[in-house]
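Reviewing the structure listed below.
All of the numbers you see were taken from the coordinates with simple rules; none came from a lab. Just so you know, these numbers come straight off a predicted model, no measurement behind them. Glycine gets a Cβ as well: all are built from the backbone with ideal geometry, and neighbour counts include every protein chain shown.
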Amino acid sequence: MRFLLPYRAELFYSARVILEITKYGHPVLREKGKRIDRITPEIRQLAADMIETMYAASGVGLAAQQIGQPLQLTVIDVSQSEQPWGMTPSLPQPVILVNPQLLHPAGEQVGQEGCLSIPEVAADIRRAEKITVRAQDLDGNNITFECTGLLARAAQHEVDHLNGILFVDRMDAATRVSLAGQLKRLQKETLATLGKPSRLRRALAKL
Ligand SMILES: [Zn+2]
């Protein structure tokens, strides 16, 4: 339905939907994303919906696993953050990364991280200070940029998601122990909601 009138931009864009974000304990968060070989209209729509969902949740990044799709697709926008970040060459944000790879990690940063799939949990995580991102855009063009600070952190967090890795896996042992009860409760809540029909499944029925 959303694609019947693509030539009317305002209708096309107003059709973006906010998707349900999968929470800790959902098995899709542990799946490695499939490589995207062809950018279909469904992938474009998914990317647009992910951007909308990320902004609605006040996030700076969102991976496809977080809206229930194990695909190599993520969106990032740190442009409104007060935390320092750098990008060379500078590309407009949000950036949409298809099949991203991280290359040449350098330096180290330790900072607070949270995750839209793990609400109310935050912890210091060690990441590379600088990293090169290589990916395709939605036109299938190769893009490469070097990033630092928060953008480098976001890229590492999101690419982890695409490989089924969560930031809780990168916490130090003491932090993980202190959060174990909270994570267990969240996992239990998530598992209790599985099996019920959700907005997410209906929204993505065409994929
Ligand atoms: Zn996350």
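Rounded to the nearest 0.05, what FRET efficiency is calculated for His104 and Ala15 with R0 set to 25 Å and r the Cβ-Cβ distance? So, using R0 = 25 Å, E works out to roughly 0.05.
Using only the Cα atoms of the chain, build the gyration tensor, take square roots of its eigenvalues as a ≥ b ≥ c, and label the shape rounded, prolate or oblate: rounded if a/c is under 1.5, else prolate if a/b is larger than b/c, else oblate.
Values: a/c = 1.89, a/b = 1.13, b/c = 1.67.
The shape class here is oblate.
Taking the convex hull of the alpha carbon positions in segment 57-155 and averaging its projected area over all directions gives 6.4 nm². Comparing mean-square fluctuations of Leu19, Leu103, Leu166 from a GNM of the chain with C-alpha springs under 10 Å, the top value falls on Leu103.
Charges at C-beta only: +1 for Lys and Arg, -1 for Asp and Glu. How large is the resulting dipole of segment 1-153 about its Cα centre, in Debye rounded to 20?
Working: 15 positive and 17 negative charges, 91 e Å.
Roughly 440 debye for segment 1-153.
If you count, for each residue, the other Cβ atoms within 10 Å and average over each peptide, how do 52-64, 169-181, 104-116, 123-135 line up from highest to lowest? Could the numbers behind the result be given before it?
Numbers: 52-64: 21.2, 169-181: 12.5, 104-116: 14.5, 123-135: 18.6.
Taking the mean over residues of other Cβ atoms within 10 Å, the ranking is 52-64, 123-135, 104-116, 169-181.
Here's the picture: charge each Lys and Arg Cβ at +1 and each Asp and Glu Cβ at -1 in the chain, and of Ala135, Val17, Gln156 the one pushed furthest to the positive end of that dipole is Val17.
With charges set only on the Cβ (+1 for Lys and Arg, -1 for Asp and Glu), what does the dipole of segment 137-194 come to about its Cα centre, in debye to the nearest 20? Numbers along the way, then the final one.
Numbers: 6 positive and 8 negative charges, 110 e Å.
For this selection, approximately 520 debye.
Helical runs (DSSP H, four residues minimum) scored at -39500 (n - 2.57) apiece and divided by the length of the chain put the mean residue ellipticity at 222 nm at -9500 deg cm²/dmol. The translational diffusion coefficient of segment 94-144, from Stokes-Einstein at 4 °C and 1.567 mPa s with a Kirkwood hydrodynamic radius over alpha carbon pairs, comes to 101 µm²/s.
Using 0.36 nm times the number of residues separating Glu120 and Asp172, minus their current alpha carbon distance, what extension gain do you get? Don't skip to the answer; put the middle values down first.
Details: separation 52, 0.36 × 52 = 18.72 nm, distance 1.77 nm.
Net length gain for the segment: 16.9 nm.
In the chain, taking the dipole from charged Cβ atoms about the Cα centre, the farthest positive-side position among Pro100, Ala173, Pro70 is held by Pro70. Add +1 for every Lys or Arg and -1 for every Asp or Glu among the other residues with Cβ under 13 Å from the Cβ of Leu150, and state the total. Net of charged neighbours comes to -2.
Segment 41-111: Rg/Rh from Cα coordinates, Kirkwood Rh? Before the final figure, lay out the partial values.
Numbers: Rg = 13.1 Å, Rh = 13.4 Å.
Result for segment 41-111 is an Rg/Rh of 0.98.
Each Lys and Arg adds +1 at its Cβ and each Asp and Glu adds -1 at its Cβ; summed about the Cα centre, segment 77-207 shows a dipole of about 780 debye. Relative to the current alpha-carbon distance between Asn141 and Gln83, full extension at 0.36 nm per residue lengthens the span by 17.9 nm.
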